[in-house]
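In what follows, a single structure is set out as structure tokens and then discussed.
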Amino acid sequence: MSKGVMYLVAAVVFVGIGALVAGLSIWYHHPNLNKEPLVSEARYARCVLQSPDGRVTGSLYLQQARSLAPVLISGNITGLTPGKHGFHVHQWGVEGNDCKSTGGHYNPLGYDHSAPNATERHVGDLGNVEAQTTTTRNTVANVVITDKVLTLSDQYSIVGRAIVVHADEDDLGMGGNDGSLKTGNAGGRVACCTLYLSEAPKP
Ligand SMILES: *[C@@H]1O[C@H](CO)[C@@H](O)[C@H](O)[C@H]1NC(C)=O
Ligand SMILES: *[C@@H]1O[C@H](CO)[C@@H](O)[C@H](O)[C@H]1NC(C)=O
Ligand SMILES: [Cu+2]
Ligand SMILES: [Zn+2]
């Protein structure tokens, strides 16, 4: 063997041993990396709506069977004015009972505001909920949403962000003006809450 080839072989062996040592040390410091998780991958989250004037209340329950599965949202919201109300995930959690602290619609991909079934939309674009008058002169909006864009895990998780309910109807980006492509012209923020991870609901 020439000297050059010997040096090359020595270098390859040296780098190989280095990689092995690095790999073993990562494995040693993170012994859980090669273990199955003890709990199921399903995730659950909740959001307890609050409104500055206390008129709107409601609880929302979210669930996702596994990473990349659709997110189901269910719940009831009472005290809204009858009719449709924009319903979104905003970027930040609620600070100090102030729905303005939640920033704009959660939009990590930089798209325009649109409808929940649009291929390009804000991640937070969930359309509208509709409040109906009940016999007791109150209103209730029954929320049942299945959404394929939202997720409770990974890079674009909405956990820790906010759900915001608006005063007016979301025009789903069809309003023909700048506001429509930003917020759907859904008006003021009448209620909001921060999403937090929770246990599976008890049957
Ligand atoms: C919402 O209210 C309806 C009618 O009272 C009830 O059947 C439903 O279970 C409620 N949904 C949730 C998620 O609490
Ligand atoms: C989204 O839904 C609306 C109403 O349900 C429908 O008119 C529209 O064509 C749908 N858009 C897409 C992109 O599927
Ligand atoms: Cu909003
Ligand atoms: Zn939006």
Considering only the range 41-53, I want to know if a residue exists there that is aliphatic (A, V, I, L, M), out of contact with any Asp or Glu (no Cβ under 8 Å at 6 or more places or on another chain) and within 16 Å of ligand 2 (Cβ to nearest atom).
no
Could you say whether any residue in the range 141-154 is within 12 Å of ligand 4 (Cβ to nearest atom) and either more than 28 Å from PRO52 (Cβ to Cβ) or assigned to a loop (DSSP other than H, G, I, E, B) (or both)?
yes
Inspect the range 115-135 for any residue being touching a helix residue (DSSP H, G or I) at 6+ places or on another chain (Cβ under 7 Å) and either more than 11 Å from ligand 4 (Cβ to nearest atom) or within 22 Å of LEU68 (Cα to Cα) (or both) and give the result as yes or no.
no
I'd like the residue in the range 141-166 that is open to solvent by less than 50 Å² (accessible area, probe 1.4 Å) and among the hydroxyl-bearing types (Ser, Thr, Tyr) and, out of all such residues, is farthest from the chain's Cα centre (by Cα).
SER153
Looking for something more than 24 Å from GLY160 (Cβ to Cβ), among the polar types (S, T, N, Q), in contact (Cβ under 8 Å) with a residue 12 or more places away in the chain and in a loop (DSSP other than H, G, I, E, B) - is there at least one such residue anywhere in the range 40-53?
no
Hey, among GLY176, GLY103, which residue is within 12 Å of ligand 4 (Cβ to nearest atom) and not acidic (Asp, Glu)?
GLY103
In the range 98-140, how many residues are part of a strand (DSSP E or B) and open to solvent by 50 Å² or more (accessible area, probe 1.4 Å)?
4
LEU80: passes all of (1) open to solvent by 40 Å² or more (accessible area, probe 1.4 Å); (2) in a loop (DSSP other than H, G, I, E, B); (3) within 16 Å of ligand 1 (Cβ to nearest atom) but (1)
Just to be sure before I move on: is LEU172 more than 13 Å from ligand 3 (Cβ to nearest atom), at pLDDT 95 or above, within 19 Å of the chain's Cα centre (by Cα) and closer than 23 Å to VAL71 by Cα in the structure I sent?
no
Of the residues in the range 56-66, how many are open to solvent by 40 Å² or more (accessible area, probe 1.4 Å), in contact (Cβ under 8 Å) with a residue 40 or more places away in the chain and not in a strand (DSSP E or B)?
0
For the range 161-203, how many residues are in contact with a Ser or Thr (Cβ under 7 Å, 6 or more places away or on another chain) and part of a loop (DSSP other than H, G, I, E, B)?
4
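The values are calculated or read from the model by the stated rules, or taken from the named source; none is laboratory data. Just so we're clear, the structure is a prediction, and the values are computed from it rather than from any experiment. Please note: Cβ atoms are built from the backbone with ideal geometry, for glycine as well, and neighbour counts cover all protein chains shown. Accessible surface areas use protein heavy atoms only, side chains included; no ligands, DNA or RNA. Shrake-Rupley method; radii C 1.70, N 1.55, O 1.52, S 1.80 Å.
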